[in-house]
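One structure is given here, and the rest of the page talks about it.
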Amino acid sequence: MPAASCCVLSSLLVSALLAQPPAVHNEFRPGERWPDTDGVHINAHGGGFLYHNGTYYWFGEHKVEGRRGNNAWVGVRCYSSKDLYNWKNEGVALAVVPDNPAHDLAAGCILERPKVIYNAKTGKFVMWFHLELKGQGYRAARCGTAVSDTPTGPYTYLRSFRPNAGVWPENVPDERKKPLDGIEKIRFSGGGLPEGYTIEQLNIFARDFEGGQMSRDMTLFVDDDGRAYHIYASEENSTLHISLLTEDYLAPAGRYIRVFEGRYMEAPAMFKHNGRYFLMMSGCTGWAPNAARSAVADSIWGPWKELGNPCIGENADKTFFSQSTYILPIHGKKDAFIYIGDRWNPENAIDGRYIWLPVILRDGRFEIRWLDRWSLSWFDKKEQP
Ligand code: GAL
């Protein structure tokens, strides 16, 4: 045997001998690296979760190394798990498009916070996500949709758009349902109103009435009656919209409300407990963590009442260095929900961590406290503080 092949063979042998079988996890360790069943840190940031036929699916942004990892070079990755601790890489559920810079999903676009829901009527898995067109920063503020016959995909991309074009929100007085004089020309983005303007003066949803409402951070929520909702940060991130979807879940149904006007809330996550709707959100400080917000309502159409920061204890004012992405109901366990947040690492996006913590339901509100390690038995034993 030539010496070179012999070398290759023996180094293969050595690595085979050294390779450890991936550890089986039986607890959550918030903030630590979380290897999948191949031993690779899970790559599914800004995630969304789906429970279907006994399996949980985790969809998230596949990030790459460095700052460029904040853009999408791969797409949406999917993992599956039966126990919520051990996750199998199921591959890329929705791929970005490498060779066509004009495509909505051109590699290098921004594709964030994918969420998947199952439509029992059509038998389709429907994905929604936040899309920013390549080279345009966060200006496009669109949502995108994709569909698949299987949970893991691959998903077929459908379209991207600003939702609710030509539709007035339900909960605004008629005097605000009018185009603005001059102010509609103002372009601004992100964390606050331009100086000297009030939210009422800007009336951003009226500026965007024709072209559709801005849609950035988002989630989906399916209610017990099968109706699904798209909840998105709109109006330059100043105000959240809750928008009903059509029966096939593929488009806005033409009915939506504005909530928390001028409160600059992002990263919405919704869950329902004992017939009441709860929302968790962040403030608006980009990748940097801030104090979370929470709110409750008896009807998804409001009125919504703010409940303040649900986090308690050290680093509660920074949401334990995380930002909400989902609140996951645990199948088959009563009153059991998991807070799921991202600990972003914008300098090396692939190394973002996941913060999973139990949601404590108490006195018509909810709380989140830090735990270094915990497992699902936390919910049975009621080891609640
Ligand atoms: C965050 C948002 C993330 C991402 C980031 C970009 O506030 O929640 O999804 O868009 O800003 O700075």
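The values are calculated or read from the model by the stated rules, or taken from the named source; none is laboratory data. Because the structure is predicted, anything quoted here is derived from the model rather than measured. For neighbour counting, all protein chains shown are included, and Cβ atoms are generated from backbone atoms with ideal geometry for every residue, glycine included.
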- Query: Is it the case that the range 181-194 has a residue that's over 28 Å from the mean Cα position of the chain (by Cα), modelled with pLDDT under 90 and among the hydrophobic types (A, V, I, L, M, F, W, C)?
  - Reply: yes
- Query: When the residues of the range 17-67 are filtered to those that are among the hydrophobic types (A, V, I, L, M, F, W, C) and modelled with pLDDT under 95, which remaining residue is farthest from Ile338 (Cα to Cα)?
  - Reply: Leu17
- Restricting to the range 251-296, what's the tally of residues that are among the small types (Gly, Ala, Ser), assigned to a strand (DSSP E or B), without any contact (Cβ under 8 Å) to a residue 40 or more places away in the chain and within 18 Å of Ala233 (Cβ to Cβ)? 1
- Message: Return the residues of the range 260-298 that are more than 16 Å from the ligand (Cβ to nearest atom) and not aromatic (Phe, Trp, Tyr); say none if nothing qualifies.
- Response: Glu261, Gly262, Lys272, His273, Asn274, Gly275, Arg276, Ser294, Ala295, Val296, Ala297, Asp298
- Message: Considering only residues that are out of contact with any strand residue (DSSP E or B) (no Cβ under 8 Å at 6 or more places or on another chain) and part of a loop (DSSP other than H, G, I, E, B), which ones fall in the range 310-369?
- Response: Glu314, Asn315, Gly332, Lys333, Lys334, Pro346, Glu347, Asn348, Asp363
- Item | Residues of the range 118-131 satisfying the condition of being of a type outside the set (Ser, Thr, Tyr) and surrounded by fewer than 22 Cβ atoms within 10 Å (Cβ to Cβ) | Asn119, Ala120, Lys121, Gly123, Lys124
- Kindly indicate the residue of the range 84-103 that is touching a residue at least 40 places away in the same chain (Cβ under 8 Å) and of a type outside the set (A, V, I, L, M, F, W, C) and also surrounded by the fewest Cβ atoms within 10 Å (Cβ to Cβ) among those meeting that condition. Gly91
- Looking only at the range 361-378, decide whether some residue is within 16 Å of the ligand (Cβ to nearest atom) and modelled with pLDDT of 95 or more. no
- Message: Where the second residue is aliphatic (A, V, I, L, M) and within 14 Å of the ligand (Cβ to nearest atom) and the first is under 14 Å from Trp287 (Cα atoms) and lies in the range 67-79, which pairs have Cβ atoms under 7 Å and are six or more apart or on separate chains?
- Response: Gly69/Ala349; Asn70/Ala349; Asn71/Ile110
- Message: Given the criteria away from the ligand (no atom under 16 Å from the Cβ) and in contact with a Leu (Cβ under 9 Å, 6 or more places away or on another chain), does Ala316 qualify?
- Response: no
- Can you tell me which residues in the range 104-146 are within 16 Å of the ligand (Cβ to nearest atom), small (Gly, Ala, Ser) and either without any contact (Cβ under 8 Å) to a residue 24 or more places away in the chain or within 16 Å of Ala251 (Cβ to Cβ) (or both)? Ala140, Gly144
- Qualifying position, being within 22 Å of Gly31 (Cα to Cα) and among the small types (Gly, Ala, Ser), among Gly275, Gly262, Gly254, Gly313: Gly313
- Query: Tyr326: away from the ligand (no atom under 15 Å from the Cβ) and at pLDDT 95 or above, yes or no?
  - Reply: no
- Message: Can you find, within the range 203-227, the residue that is farthest from the ligand (Cβ to nearest atom) among those that are in a strand (DSSP E or B) and crowded, with 21+ Cβ neighbours inside 10 Å?
- Response: Phe221
- So Ser243 clears everything in (1) hydroxyl-bearing (Ser, Thr, Tyr); (2) under 30 Å from Lys82 (Cβ atoms); (3) away from the ligand (no atom under 13 Å from the Cβ); (4) buried (at least 23 other Cβ atoms within 10 Å of the Cβ) except one condition, right? Which one? (2)
